[in-house]
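For reference, the structure is listed below as structure tokens.
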Amino acid sequence: MATVDTAFVPATTFWHQLRRYLRLYGAVARYCLARDLEYRTNMVFNLFREAFYAGLQVMFVNLIYLNVKSVGDWSSDQMLVLMGSYTIVTNLTYCLFWETMTGLSGLVNTGELDLVLTKPVNGQFLVSVRRIAFMNLAPVAFGFGIASYGITRLGLQPGLLDILSYLILCGCGVALCYAMWFSSVLLVFWTGRMQNIAAVFEPVVSMARVPTDVLRGPIRLAFTFVVPLAFAGTVPARALLGVGEAWHMPFAIVASVGAVFASNKLWKRALREYSSASS
Amino acid sequence: MTTAPTNMVARPVAVEFPRSSFPGTRKFGRLLLASWQDALQYRLEGAVWFLYDLLPPMGMLLLWLGAYRPGDTVAGYDVAGMVQYYLGVIALRTLLNPHPEWDIAEKIAKGTYGQILLRPMSIVGYHLAGEVAWKVVRLLWLLPSMAICIAIFWDYLQTPVVSPLHWTAFAVSIPMGYLTAFFLKMTMGYVAFWATNTEGIFVFMISLEMVFTGNFLPLQAMPDWVRMIGDWLPYRYFYFFSTQILRGTFTEAELATGILTQLAWVIGGYIMMRIVRTAGIRRYAAFGG
């Protein structure tokens, strides 16, 4: 009797769907890892290169402390925790979504998006997870190292609950970054020719290195609620330092779920602008 | 009333340039116009690249503003001086930082650089026209952005009070800063004659540039060993030198030394570019059409 791959059997309940999508994601991850391991030397070089650039970013910001004692209320050790958190959130976002975001413009312009849309899975899911850049895991590990070093130098001993809160907030930061990035890349459905639209994310998210509490007035509010860069650095760092605010966690969870949901609405709207260009 | 026939083919409007006594000027003018038209098609792409010039230094400025206490002077800059420095860096970097290396490396890798080499015009002129055209597109985004920045930081700003000699030196340093960067980056682009994957090299060079041009921090705020290395590199003459002229701290002798050193980097960069290009062409085996 022939076996049937359950990943492609129409699923009915939420849990079936979830299991099906997780299996699909696992298959993508295995494929990407196998592809990277085909060129091991290149992968090792890329891992070191990405960690090196993450290190440079941390060094640049902390050079300020050669000249001043604090930035706002942030000492140099606290800033290490912030930079570690920023490195973790941004590089996890790059690891999971970089290649797909940069490829979406090409899919739309060449009409290859047809091949995605005709698959029996959610289109947004498939365009978002088609590639994983494992080389960006090196700076993620580096970020954890920097944050841990900062915490150790401060003499803090965060409890299990603090670490769990920190990881959840980092996860929310990744979800918010994904939603912002994906929504901005969708602009290509209207403009057509913006091949570099995915590059818009990098300079924007670089502003997350600035602690939001040193900002004033409307800029601070914008960084928290409009373009929520606070969740890509400051908010997780404050949670790990034990100075987080109670509303951060529920707001982060609601905002990240809401932002991903809104990006899905925008995706569906953008698809109405899509006219296949393939033969 | 007459109506135009529907099958009429739109013909490009020829723009006549006056004949010039300078050889190559007319060709350059035409190429510049064509490059402008091309760049204007991609003005939204220009907006994205402009964010790379605008936001990283703006982030550093916001960090500095969080660090200053009333009356503080850091690395010779009071808070107003620091604001002016970063706004100057944003404006000058946007206008004076060319990127010919990516285009050169791509064409060499694809095998189409032969088409450029065989054209009856200056290769430098070809790349210069393309780069200057893109800078005009960047101006579209720079001007409104600077207007907003000036409104936000109005209280920190003042017209530089420097002598006419400083203003003259500043005006001279602008094109020379551009050419310093331009020839260095053309040389980098020609590395593609030997290396198949140049992206890693270019990204590494951008990191060096960020440090030594004073893009992240004014060089005075850097550790001594970084400044010592920077003294032997051309990066400080891209636009950092121009920002320092307007601070008015240079004596006449320092101004003259700075301008002459910048000129030496321009000439040295041109010679280096020619040497590397000539050596590269000897081993170039174009396979593109």
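Summary of computed values
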{"read-out": "Extreme residue, farthest from the other protein chains (Cβ to nearest Cβ), among residues of the range B:197-208 that are within 18 Å of the chain's Cα centre (by Cα) and open to solvent by 10 Å² or more (accessible area, probe 1.4 Å)", "value": "B:Met205"}
{"read-out": "Contacts under 7 angstrom Cβ, first residue in the range B:52-75 being within 7 Å of chain A (Cβ to nearest Cβ) and open to solvent by 30 Å² or more (accessible area, probe 1.4 Å), partner in a loop (DSSP other than H, G, I, E, B) and not small (Gly, Ala, Ser), 6 or more apart", "value": "B:Ala75/A:Asn67; B:Ala75/B:Pro218"}
{"read-out": "Hey, B:Phe153 in contact with a His (Cβ under 9 Å, 6 or more places away or on another chain) and closer than 21 Å to B:Thr243 by Cβ or not", "value": "no"}
{"read-out": "Whichever residue in the range B:105-124 is without any contact (Cβ under 8 Å) to a residue 40 or more places away in the chain and among the hydrophobic types (A, V, I, L, M, F, W, C) and, among such residues, is most open to solvent (accessible area, probe 1.4 Å)", "value": "B:Leu118"}
{"read-out": "Residues of the range B:216-239 that turn out to be open to solvent by less than 80 Å² (accessible area, probe 1.4 Å), without any contact (Cβ under 8 Å) to a residue 40 or more places away in the chain, under 17 Å from B:Gly177 (Cα atoms) and in a helix (DSSP H, G or I), as a count", "value": "4"}
{"read-out": "Check on B:Arg138, part of a helix (DSSP H, G or I), in contact with an Asp or Glu (Cβ under 6 Å, 6 or more places away or on another chain) and not hydroxyl-bearing (Ser, Thr, Tyr)", "value": "no"}
{"read-out": "Selected residue (criterion: modelled with the lowest pLDDT) from residues of the range B:206-265 that are aromatic (Phe, Trp, Tyr) and touching a Gly at 6+ places or on another chain (Cβ under 8 Å)", "value": "B:Phe250"}
{"read-out": "Residue ID - farthest from the chain's Cα centre (by Cα), chosen from residues in the range B:250-284 that are farther than 30 Å from B:Glu106 by Cβ and touching a residue at least 40 places away in the same chain (Cβ under 8 Å)", "value": "B:Glu252"}
{"read-out": "Residues located in the range B:108-144, provided they are modelled with pLDDT of 90 or more, over 28 Å from B:Glu199 (Cβ atoms) and not hydrophobic (A, V, I, L, M, F, W, C)", "value": "B:Pro144"}
{"read-out": "Members of the range B:76-104 that are open to solvent by 20 Å² or more (accessible area, probe 1.4 Å) and in a loop (DSSP other than H, G, I, E, B)", "value": "B:Gly76, B:His99"}
{"read-out": "Total residues in the range A:162-208, condition over 22 Å from A:Val127 (Cβ atoms) and at pLDDT below 90", "value": "0"}
{"read-out": "One residue from B:Ala285, B:Ala253, B:Ala264 being exposed (fewer than 12 other Cβ atoms within 10 Å of the Cβ) and assigned to a helix (DSSP H, G or I)", "value": "B:Ala253"}
{"read-out": "Answer residue from the range A:204-223, given it is over 14 Å from the mean Cα position of the chain (by Cα) and surrounded by 19 or more Cβ atoms within 10 Å (Cβ to Cβ) and is farthest from A:Phe182 (Cα to Cα) among those", "value": "A:Val214"}
{"read-out": "Pairs, first more than 11 Å from B:Thr243 (Cα to Cα) in the range B:76-95, second of a type in the set (Asp, Glu) and open to solvent by less than 10 Å² (accessible area, probe 1.4 Å), C-beta under 8 Å, six or more apart", "value": "B:Thr94/B:Asp53"}
{"read-out": "Among the residues listed as A:Val235, A:Val214, A:Val227, A:Val205, the single one being in contact with a Leu (Cβ under 9 Å, 6 or more places away or on another chain), hydrophobic (A, V, I, L, M, F, W, C), in contact (Cβ under 8 Å) with a residue 40 or more places away in the chain and within 16 Å of B:Leu55 (Cα to Cα)", "value": "A:Val205"}
{"read-out": "Meets criteria (of a type in the set (A, V, I, L, M, F, W, C), within 10 Å of chain B (Cβ to nearest Cβ) and surrounded by 16 or more Cβ atoms within 10 Å (Cβ to Cβ)) for A:Ala175", "value": "no"}
{"read-out": "Test set (1) closer than 30 Å to B:Val211 by Cα; (2) buried (at least 20 other Cβ atoms within 10 Å of the Cβ); (3) of a type in the set (Gly, Ala, Ser) - A:Ala133 fails condition number", "value": "(2)"}
{"read-out": "Wholly within the range A:25-118, helices (runs of 4 or more DSSP H) carrying at least 1 residues that are in contact (Cβ under 8 Å) with a residue 60 or more places away in the chain and within 11 Å of another protein chain (Cβ to nearest Cβ)", "value": "A:40-62, A:76-110"}
{"read-out": "Count - residues of the range A:157-171 that are surrounded by 15 or more Cβ atoms within 10 Å (Cβ to Cβ) and either over 22 Å from the mean Cα position of the chain (by Cα) or more than 30 Å from B:Trp49 (Cβ to Cβ) (or both)", "value": "7"}
{"read-out": "Within the range B:38-51, considering residues that are assigned to a helix (DSSP H, G or I) and at the interface with chain A (Cβ under 8 Å from one of its Cβ atoms), the one nearest to B:Tyr156 (Cα to Cα)", "value": "B:Leu51"}
{"read-out": "B:Leu95 modelled with pLDDT of 90 or more and at the interface with another protein chain (Cβ under 8 Å from one of its Cβ atoms)", "value": "no"}
{"read-out": "Selection status of A:Val140, under 23 Å from the mean Cα position of the chain (by Cα), closer than 19 Å to A:Leu47 by Cα, touching a residue at least 40 places away in the same chain (Cβ under 8 Å) and open to solvent by less than 30 Å² (accessible area, probe 1.4 Å)", "value": "yes"}
{"read-out": "Given (1) free of Cβ contacts under 8 Å to residues at least 12 places away in the same chain; (2) at the interface with another protein chain (Cβ under 10 Å from one of its Cβ atoms); (3) not in a helix (DSSP H, G or I), number of the condition A:Val243 does not satisfy", "value": "(2)"}
{"read-out": "Residue within the range B:37-47 that is open to solvent by less than 50 Å² (accessible area, probe 1.4 Å), within 30 Å of A:Leu63 (Cα to Cα) and modelled with pLDDT of 50 or more present", "value": "yes"}
{"read-out": "When residues of the range A:242-279 are limited to those that are of a type in the set (Gly, Ala, Ser) and open to solvent by 70 Å² or more (accessible area, probe 1.4 Å), the one modelled with the lowest pLDDT", "value": "A:Ser279"}
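The values are calculated or read from the model by the stated rules, or taken from the named source; none is laboratory data. These numbers come from a predicted model, not from an experiment. Reconstructed Cβ throughout: ideal geometry from the backbone, glycine too, with neighbour counts over all protein chains shown. We work out accessible area using only protein heavy atoms, side chains counted, and drop any ligands, DNA or RNA first. Shrake-Rupley method; radii C 1.70, N 1.55, O 1.52, S 1.80 Å.
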